[in-house]
Structure formats: C-alpha cells, structure tokens
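Single-structure report; data block below.
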Amino acid sequence: MDRRKGGNRDANGGLAEATASRLRFDSDEEAEEVGMEVEESLDAEGEDEQAATEVIGSEKTSADYYFDSYSHFGIHEEMLKDVVRTKTYQNVISQNSFLIKDKVVLDVGAGTGILSLFCAKAGAKHVYAIECSQMADMAKEIVKSNGYSDVITVIKGKVEEIELPVPKVDVIISEWMGYFLLFENMLNTVLYARDKWLVDGGVVLPDKTSLRLTAIEDAEYKEDKIEFWNNVYGFDMSCIKKQAMMEPLVDTVDANQIVTNCQLLKTMDISKMTPGDMSFTVPFKLVAERNDYIHALVAYFDVSFTKCHKLMGFSTGPRSKATHWKQTVLYLEDVITICQGETLMGSMTVTPNKNNPRDIDIKLKYSINGHRCQVSRTQFYKMR
C-alpha cells in the first residue's frame with residue numbers, strides 16, 4: 001500500500017474531498033474501462049485574546065470548519081491535478097454538448113469554478129456557481145480572467161441559504177464525492193438543490209454512484225499501524241490500539257493484496273434517491289480467489305454519467321489508477337485464514353453521525369466457517 005498519506009486529511013490539514021481513478025466500470029463480472037506564527041505581547045493579552053476569538057471563530061460548528069478547509073488553494077490543486085477526476089468531467093461536458101448547450105446549469109460546490117468553465121465553454125446559456133468557502137472570491141476572478149463573466153455567475157454562500165436569480169435550472173453538476181463515497185456528506189446538499197431548483201426531466205451530473213467492497217492481505221502494515229501500540233518502548237499503550245482500529249484508513253491499496261472478489265454493496269441514483277437512502281444495511285459475500293490471510297476489508301466507489309451518448313465515468317478501486325480518494329481500509333480484529341473458494345460473509349451498516357452528519361458511522365458484521373478458520377464478530381468504525 002502507498003503509505004505516503006494516511007488518515008483522512010490532506011497535506012494542508014483540510015478535509016480533502018477526493019478525486020477519481022482510471023476510466024472504468026465494473027459490471028457484476030468486474031469488466032473494466034472506462035504561520036505564520038503570531039507573537040502576542042503579554043501586555044496586550046486581554047485585547048488580543050478577544051480579537052483572536054473573533055478571528056478563529058470559537059462559535060463555529062464543524063460544518064464551518066469544513067468550509068474553511070476549502071478556502072486554501074492546496075486542496076483545489078490536489079483535486080485539479082487528479083487527472084481522471086477532472087478529465088472525466090471535462091470529457092462528459094465537451095463530448096456531450098447536448099446536455100449543456102443553451103441550458104441553465106447549477107454548479108454545486110464550485111470551488112475554483114473549473115466545472116462551470118467547462119460548461120460555459122460547451123455553450124451553456126448560463127451557469128450559476130455556488131461556493132461557500134473563501135475560494136468563491138477567487139472563482140470570480142478566475143471567471144473574469146477567462147472572459148466568462150457574462151455566462152458564469154459565482155454566488156458565495158451555502159446552497160441551503162442562498163436564492164438563485166432564476167426559478168429553475170436544467171442541469172445540476174457537482175463533484176460531491178468524499179472518502180468512502182459519503183464522508184463529508186455533500187450529497188445532501190446536491191439533493192437539496194435538485195429538489196428546489198431542477199426542472200422536471202432535468203439532468204444531474206453524475207447521476208449514479210456505486211459503493212464496492214473487497215478483502216486484502218495486509219500483515220506488514222497492520223503490524224506497523226495497529227499492533228505497534230502493544231509495546232511502545234516497553235510500555236503497554238494498547239488502549240490506543242482500540243481507537244486506531246475504529247478509524248478507517250484512507251490509503252492506496254496494491255491490487256496484488258486483494259484476496260477475494262469485489263462485490264457491489266450499494267448503488268445510488270442521484271436523480272431519484274432521498275437523503276434517507278444514505279443510511280443503509282447491506283449484506284456481502286466475499287469469495288477467496290486464493291489461499292491467504294485477510295487483515296482488512298477495503299471499500300471504494302465508482303461514478304457513472306449515464307445520460308451521455310455512451311456510458312462514461314470512473315472507478316476509485318485498487319485495480320484502477322490511484323486518485324486522491326484512494327480507498328478506505330477497515331482493519332479487522334481477527335486475522336482470517338481463508339482457503340480458495342471459501343466465503344467471508346457479513347453485513348455493513350452505514351449511517352451519518354448524529355452529532356455531525358458529515359461524519360460516517362460504520363457497523364461491520366463478519367463471519368467465516370472455513371477449513372482453517374471459524375470466527376464471527378461485530379466491529380464499529382468512525383470516519384471523522
């Protein structure tokens with residue numbers, strides 16, 4: 001596995017949303033394709049403390065910090081440089097101009113405005129680009145610098161709080177996907193915009209996503225990441241091990257580590273689903289393709305644009321080109337010995353966290369009754 005970046009944060013400390021991978025679609029048979037340091041004098045400590053509180057925003061919610069993280073250009077650089085993510089959107093728009101030309105488009109979570117620019121270039125009648133972070137100010141400058149101010153209107157604010165100058169739009173486009181597909185839960189915002197502004201028969205891009213699951217051998221890194229806490233310079237810190245086990249790891253998995261088949265867990269139709277569909281319990285049945293050990297389950301997602309002339313999209317799976325979404329690794333308490341043809345069965349329950357719906361709670365049940373291993377267990381994970 002690629003260990004250059006672990007955890008759920010990008011290099012700038014922000015919550016990175018993620019990007020794509022090699023153009024590919026999996027049928028059930030898995031067919032592929034497509035600082036500044038601030039010094040304060042002790043004498044001015046009282047005044048400065050109040051000013052600092054105002055600057056930092058002590059009353060901010062976790063959602064506010066989510067938007068703040070997207071104010072830094074570094075997170076957008078990472079997403080723009082994810083060639084599969086960005087080129088896929090570009091190709092969908094440029095090669096299917098019938099979806100965009102002379103249409104009113106709404107870009108939800110516009111960031112730098114790159115998708116809005118693609119749409120304007122493809123002949124959109126008008127594009128409304130909504131961005132809540134400070135990047136909205138940059139997006140306005142970018143739009144102006146490229147001569148699209150008459151076509152693109154950047155609106156700074158939360159989708160749930162702003163009003164559009166038009167009653168309806170023909171197309172909603174968004175790159176809302178997070179780690180594990182649903183982490184950061186921007187999908188709710190897309191569904192809100194769909195229900196409020198999309199005309200009957202309007203188009204949502206992308207319109208379908210699929211969450212998938214497989215199992216891997218990962219002894220070396222599990223030893224380094226999890227078992228490390230058993231003996232830290234001679235001291236027992238295993239209490240931290242329990243916490244480490246509960247936190248899914250966002251990382252790139254080597255395809256050679258895959259031990260079982262890859263199974264479809266959940267498909268979401270963005271044009272029809274409701275917010276409640278983001279909570280679900282689904283069964284899985286992973287069949288071993290060789291004799292090996294299983295140390296973790298790995299989740300990833302595919303994205304589909306089905307309204308195009310031909311099916312387009314990408315996968316974030318371990319057999320696809322690595323993206324900043326990478327994959328989501330859930331380590332198991334048990335080391336499972338599995339023989340070719342044997343089955344690891346179970347179910348996965350996914351729910352937005354009650355206190356912060358941008359976070360994800362995962363309940364995993366698994367069992368195996370094999371020749372060399374019999375085990376049944378329930379584990380809980382929290383993506384924060």
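The values are calculated or read from the model by the stated rules, or taken from the named source; none is laboratory data. All of these numbers come straight from a predicted model, not from anything done at the bench. Counting neighbours? That spans all protein chains shown, and the Cβs are built from the backbone with ideal geometry, glycine included. Accessible surface is based on the protein model in full, side chains and every heavy atom, while ligands, DNA and RNA are left aside. Shrake-Rupley method; radii C 1.70, N 1.55, O 1.52, S 1.80 Å.
Which condition from (1) farther than 15 Å from Leu181 by Cα; (2) surrounded by 22 or more Cβ atoms within 10 Å (Cβ to Cβ) is the one that Thr274 breaks?
Going through (1) farther than 15 Å from Leu181 by Cα; (2) surrounded by 22 or more Cβ atoms within 10 Å (Cβ to Cβ) one by one, Thr274 breaks only (2).
Among the residues of the stretch 212-230, which ones are surrounded by fewer than 23 Cβ atoms within 10 Å (Cβ to Cβ) and either more than 26 Å from Lys242 (Cβ to Cβ) or in contact with a Gly (Cβ under 8 Å, 6 or more places away or on another chain) (or both)? Step through it out loud before you land on a result.
Residues of the stretch 212-230 surrounded by fewer than 23 Cβ atoms within 10 Å (Cβ to Cβ): 217, 219-230.
Selection gives Lys225 alone.
Select from the stretch 312-331 the residues that are more than 18 Å from Gln263 (Cα to Cα) and not small (Gly, Ala, Ser) and list them in ascending order. Show your work before the answer.
Of the stretch 312-331, the ones more than 18 Å from Gln263 (Cα to Cα) are 312-313, 321-325.
Answer for the stretch 312-331, where residues must be more than 18 Å from Gln263 (Cα to Cα) and not small (Gly, Ala, Ser): Met312, Lys321, Thr323, His324, Trp325.
Condition test on Lys307, is it open to solvent by 70 Å² or more (accessible area, probe 1.4 Å), outside any strand (DSSP E or B), closer than 30 Å to Thr88 by Cα and in contact with a Leu (Cβ under 8 Å, 6 or more places away or on another chain)? Even if it seems obvious, please write down each step before you answer.
On the way: open to solvent by 70 Å² or more (accessible area, probe 1.4 Å): yes; outside any strand (DSSP E or B): yes; closer than 30 Å to Thr88 by Cα: yes; in contact with a Leu (Cβ under 8 Å, 6 or more places away or on another chain): yes.
Judged against the criteria, Lys307 is a match.
Could you list all residues from the stretch 123-150 that are open to solvent by 20 Å² or more (accessible area, probe 1.4 Å), under 10 Å from Val105 (Cβ atoms) and assigned to a loop (DSSP other than H, G, I, E, B)?
Within the stretch 123-150, Lys125 is the sole residue that qualifies.
Would a scan of the stretch 250-260 turn up a residue that is open to solvent by 40 Å² or more (accessible area, probe 1.4 Å) and in contact with a strand residue (DSSP E or B) (Cβ under 9 Å, 6 or more places away or on another chain)? Before you say what the answer is, go through the steps one by one.
Start the filter on the stretch 250-260 by keeping residues that are open to solvent by 40 Å² or more (accessible area, probe 1.4 Å), which leaves 254, 256.
Within this subset, residues satisfying the condition of being in contact with a strand residue (DSSP E or B) (Cβ under 9 Å, 6 or more places away or on another chain) are 254.
The answer is yes; a qualifying residue exists.
Looking at the stretch 190-202, is at least one residue under 22 Å from the mean Cα position of the chain (by Cα), open to solvent by less than 40 Å² (accessible area, probe 1.4 Å) and of a type in the set (Ser, Thr, Tyr)?
Checked the stretch 190-202: no residue is under 22 Å from the mean Cα position of the chain (by Cα), open to solvent by less than 40 Å² (accessible area, probe 1.4 Å) and of a type in the set (Ser, Thr, Tyr).
Could you please give the count of residues in the stretch 231-245 that are small (Gly, Ala, Ser) and not in a helix (DSSP H, G or I)? Can you show your working first?
Start the filter on the stretch 231-245 by keeping residues that are small (Gly, Ala, Ser), which leaves 234, 238, 244.
Then keep just the ones that are not in a helix (DSSP H, G or I); that gives 234.
So the count comes out to 1.
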